[in-house]
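Nothing in this text is a laboratory measurement; each read-out follows from the coordinates by a stated rule. This one's a predicted model, so the numbers in the text were calculated from it and none came from an experiment. Cβ atoms come from the backbone with ideal geometry, glycine included; neighbour counts cover every protein chain shown.
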Amino acid sequence: MLSNRHIIEMSDLTPDDIMLILDTAESFKEVNERRIKKLPTLRGRTVVNLFLEPSTRTRTSFELAAKRLSADGINFSASTSATVKGESLVDTAETLSAMACDLVIIRHKYAGAPRMLADHMDAHIINGGDGMHQHPTQALLDLFTMREKLGRLEGLTVGIVGDISHSRVAGSLIPALRMVGARPIVVAPPTLLPARPDVLGAEVATSLDDVLPELDVAYMLRIQMERAEGMPFPSVREYANLFGMNSARLAKMPPHAIVMHPGPMNRGVEISSHVADSPRSVVLDQVNAGVAVRMAAMYLLLGGDASGTAA
Ligand code: CP
């Protein structure tokens with residue numbers, strides 16, 4: 001069991017909760033490698049995917065996670081829900097509540113939408129990404145991948161590079177790293193940092209080249225042109241030159257260091273195709289971990305214990 005009913009932001013979890021989720025996900029990863037990838041664990045439970053913003057990885061992996069645990073899954077998108085007819089989020093929450101759903105995963109363009117849902121429903125809520133706020137299951141799958149690839153979390157130095165000010169991924173990953181004893185360094189031009197970078201809880205650097213030799217992980221963020229106001233750097237080419245991960249920069253990192261990206265990637269901007277497709281990139285391992293980690297989060301929120309992770 002987890003210590004909170006919801007996973008909306010990293011502060012809903014304790015360090016022990018994080019380790020429980022990662023350890024449980026290891027069992028589910030083994031299930032996902034079997035020919036028959038299904039457990040009866042959540043039979044009879046109802047899981048709603050309420051994705052009111054586009055998603056490939058998060059939506060699909062939550063859908064797969066629900067199916068592999070034998071839950072009844074219902075999928076809403078912005079175009080198929082009554083929100084297109086102007087229904088408020090509170091009315092949507094009360095409607096889903098009346099149907100006795102057990103767990104709702106919500107992605108929404110507004111920060112705070114998952115908390116609002118939690119305030120108006122009895123169901124457990126998982127935040128699948130809210131505006132520029134948080135994306136906690138992304139941070140959990142990132143921790144899972146780091147631990148799997150590097151053998152530990154405590155003491156790792158992780159450079160989170162790029163669009164810090166618009167990134168909900170950074171919003172969850174920075175506190176998650178601190179909770180497990182890792183050292184986050186945010187690396188960005190001042191125009192892609194918040195006005196008060198000191199409140200991030202991470203060291204701040206404005207030169208990627210300077211920090212590369214220290215890094216165990218270079219975590220490249222997507223440049224979010226859809227959230228940026230105006231052009232936060234002179235040109236995409238200049239951004240790639242100064243902050244993009246390429247072969248020359250990869251060579252400046254320690255030989256064991258890995259490159260991560262939450263996806264979707266802007267190839268040629270924050271990461272070159274050569275690096276993205278290289279053995280040092282663990283981008284597809286992150287996607288793979290996403291299913292197991294989301295199975296673990298669902299399972300533990302709905303009251304599972306260790307006996308349900310194998311069959
Ligand atoms: N990383 C991530 O959240 O990807 P999607 O937008 O495809 O879900």
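Tell me the residue from SER81, SER70 that is surrounded by fewer than 19 Cβ atoms within 10 Å (Cβ to Cβ), more than 13 Å from the ligand (Cβ to nearest atom) and closer than 17 Å to ALA297 by Cα, please.
SER70
Hey, can you tell me all the residues within segment 6-58 that are within 16 Å of the ligand (Cβ to nearest atom), part of a loop (DSSP other than H, G, I, E, B) and either of a type in the set (Phe, Trp, Tyr) or within 16 Å of the chain's Cα centre (by Cα) (or both)?
ILE8, GLU9, GLU53, PRO54, SER55, THR56
Which condition breaks for ASP130 when tested against (1) acidic (Asp, Glu); (2) crowded, with 24+ Cβ neighbours inside 10 Å; (3) more than 16 Å from the ligand (Cβ to nearest atom)?
All conditions pass for ASP130, except number (3).
Suppose we keep only residues that are over 28 Å from LYS29 (Cβ atoms) and surrounded by fewer than 24 Cβ atoms within 10 Å (Cβ to Cβ) within segment 138-191. Which one would you say is nearest to the ligand (Cβ to nearest atom)?
Filtering segment 138-191 for residues that are over 28 Å from LYS29 (Cβ atoms) and surrounded by fewer than 24 Cβ atoms within 10 Å (Cβ to Cβ), the one nearest to the ligand (Cβ to nearest atom) comes out as HIS166.
Can you pull out the helices (runs of 4 or more DSSP H) entirely within segment 235-311 that have at least 1 residues that are under 24 Å from the mean Cα position of the chain (by Cα), within 14 Å of the ligand (Cβ to nearest atom) and surrounded by fewer than 16 Cβ atoms within 10 Å (Cβ to Cβ)?
Ranges flagged: 283-301.
With the structure loaded, tell me whether ALA195 is among the aliphatic types (A, V, I, L, M), surrounded by fewer than 16 Cβ atoms within 10 Å (Cβ to Cβ) and either touching a His at 6+ places or on another chain (Cβ under 6 Å) or in a loop (DSSP other than H, G, I, E, B) (or both) or whether it fails that test.
yes
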